[in-house]
Amino acid sequence: MSERNYTLPILAVLVLCIFGLSEYVTRPVTNPGPVEVVYWEKWTNFEGDAIAAVVDEFNRSQNKIHVKLLTVSGIENKTLLAIAGGNPPDLAGLYGPNVPQYADAKAITPLDDYCAEAGIRPENYIRAYYDIGVIHGHVYSLPTAPASTALHYNRTLLAKAGIDPDKPPQTLEELSEMSDKLVVKDPSGHINIAGFLPAEPGWWNWVWGYVFGGRLWDGKTKITANSEENVRAFEWVQSFSKKYGNRDVQTFRSGFGTFASPQNAFLSEKVAMELQGVWMYNFIDQYTPKLKWSAVPFPHPKDRPDLANWTIVDEDVIVIPRGAKHPNEAFEFIKFLESQKGMELLCLGQRKQSPLANMSDEFVKKHPNPFIKLFANLPKGNNNFVTPAIGIWPEYLAELNSAFESIILMKATPREALNRVQERIQPKLDSYLKVLKLRNEIADTPTN
């Protein structure tokens, strides 16, 4: 064989070697490590520590998935922007009232199939919490940190006013009477201590209609802001301004400090009775641990015993944003979080009750809130008031808050204020439903 005949095979081998080497250098290296799931959450301080403990426990429990927890402020807006930009996290911790908007915008992934495969069912939960995540018959979110409300009252102030602290008000009429007895004024007539004020803390101005048997919409197409039950409720709200003087009440309220401080109206013993949530214990323990207080179901109208033991039910939720890179791995973490072990680790760390149907004896025993069973049991009843699952809720709430202010400042009668809300919100709901229908029709149209 000639020399040339040997050279060609050698050159061919060299070319193949060089080509193979270049492929090795340029080919993306497959990461042999666990899949990284990015989780955005809003909590900070001890609440953030609680979810971090859950994440750490999950990461330690297996080696295929690593959850990376990031604290994000303004999460309800930033998550939506990230989804629109095509770069969302794999998991996001939102607020319960966000779910209808996100679901209608098709910004989050339905979890029905995941839940069915994992055995996550409605009966696993206190139904009021589970239902917050169900929109148009589909599961879009699952509970994380739940909450319920009750009447918190100052035992010392009640005793000073000649009221037995072990016999708190059971009806709204009794609440009003006790409130009058608890009012303390200085020589000039200014209020120093109030019994109860519907505007304090002012976080649930929308709820008073429900307390009297009203609703804010029919669940389909009609706003019911100015129903007779709602008008009656806000007449009750306005009665406090009439009794105590709206200017005097506003001057009194202007002296309150921020909520998370010893100058908080309830903690500073300026207001004796207040509608508050399970989290109130945390602030009492931090700022005024010697405060003598109790919690009981909030009173109901005397003529509506069927509305006894009512509570506002709310929660934080976890969702998988649309376009998440690792939805399957993300749900593996959700499964762990929704287990009794994961959920009780979170809720005990945040000092809240569990949204699950059953709490372990150990959880109750370790829980520092002396009224945790009350907050856990109230949502199991029939009178659970939840923010309406309506896509225009932010606009509706803004109008209700505006109406509430005009009512307590005596600038309008309850009927006048609620009629304005009705007139402004019904057209917005009509427009919203039309857009939603069109969006769904477009989504259902087959493409070639």
Give me a comma-separated list of calculated 3J(HN,Hα) values for region 144-156, in order, Karplus coefficients 6.51, -1.76, 1.60 applied at θ = phi - 60°, integers in Hz, x for any Gly or Pro. 10, 9, x, 8, 9, 10, 7, 7, 9, 9, 8, 5, 5
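Where a ≥ b ≥ c are the square roots of the eigenvalues of the C-alpha gyration tensor, would you call region 229-321 rounded, which needs a/c under 1.5, or, failing that, prolate if a/b is larger than b/c, or oblate? Provide the component values of the computation, followed by the final result.
Values: a/c = 1.62, a/b = 1.06, b/c = 1.52.
Oblate.
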Among Ala116, Ala260, Ala107, which one shows the biggest mean-square fluctuation in a GNM of the chain, springs joining Cα atoms closer than 10 Å? Ala116
Could you give the distance between the Cα centres of region 113-132 and region 217-264, to the whole Å? 35
Alpha carbon centroid spacing (whole Å) that separates region 51-106 from region 142-193: 39
Expected unfolding gain across Ala84-Tyr287 under the 0.36 nm per residue rule, minus the alpha-carbon gap, is 68.9 nm
Could you tell me what percent of the DSSP beta bridges with both partners in the chain are antiparallel, to the nearest 5? 65
What residues have an amide H closer than 5 Å to that of Ile312, excluding those fewer than 5 places away on the same chain, when H is modeled at 1.01 Å from N in the peptide plane? Thr149, Phe385
Given Pro34, Gly189, Val249, which one lies farthest toward the positive end of the charge dipole of the chain, if we put +1 on the Cβ of every Lys and Arg and -1 on the Cβ of every Asp and Glu? Gly189
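So what is the diffusion coefficient of the chain in µm² per second by Stokes-Einstein at 37 °C and 0.692 mPa s, using a Kirkwood Rh over Cα pairs?
Taking Rh from Cα pairs, D becomes 132 µm²/s.
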Two-site FRET efficiency, Asn440 against Asn77, from Cβ-Cβ distance with R₀ of 35 Å, rounded to 0.05: 0.90
If amide hydrogens are placed 1.01 Å from N in the peptide plane, which non-local residues have theirs closer than 5 Å to the one on Thr171? His300
What percent do you get for the relative contact order of the chain when only Cα pairs under 8 Å and 6+ apart count? 24
What is the set of long-range amide H partners of Arg322 at a cut-off below 5 Å, with H atoms built 1.01 Å from backbone N? Ile108, Thr109
Ranked by GNM mean-square fluctuation in the chain (Cα springs under 10 Å), the top entry among Asn226, Asn384, Asn358 is Asn358
The residues Val183, Val249, Val319, sorted from fewest to most surrounding Cβ atoms within 10 Å, come out as Val183, Val249, Val319
Computed [θ] at 222 nm, deg cm²/dmol, the chain (DSSP H ≥ 4; -39,500 (n - 2.57); rounded to nearest 500): -14000 deg cm²/dmol
From fewest to most C-beta neighbours within 10 Å, the residues Asp104, Asp430 line up as Asp430, Asp104
So if each residue of separation counts as 0.36 nm, and I subtract the Cα-Cα distance between Asn358 and Ser339, what length gain in nm does that give? 5.7 nm
Mean separation of Cα contacts under 8 Å, 6 or more apart, over the residue count of region 55-166: relative contact order %: 17
Karplus 3J(HN,Hα) series, Hz, for region 235-247 with 6.51 cos²θ - 1.76 cosθ + 1.60 (x for Gly, Pro): 5, 5, 4, 5, 4, 5, 5, 5, 6, 9, x, 4, 5
Ranked highest first by the average count of other Cβ atoms within 10 Å around their residues, in what order do 130-136, 33-39 fall? 130-136, 33-39
Residue-by-residue Karplus 3J(HN,Hα) for region 407-422, coefficients 6.51, -1.76, 1.60, Hz, glycine and proline x: 6, 6, 8, 6, 8, 7, 6, x, 5, 4, 5, 6, 4, 5, 4, 4
Rg over Rh, two decimals, region 40-160 (C-alpha only, Kirkwood Rh): 1.05
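Values in this text are rule-based calculations from the coordinates and carry no lab data. Given the structure is predicted, the values throughout are model-derived calculations rather than measurements. As a convention, Cβ positions derive from the backbone with ideal geometry for all residues, glycine included, and neighbour counts pool all protein chains shown.
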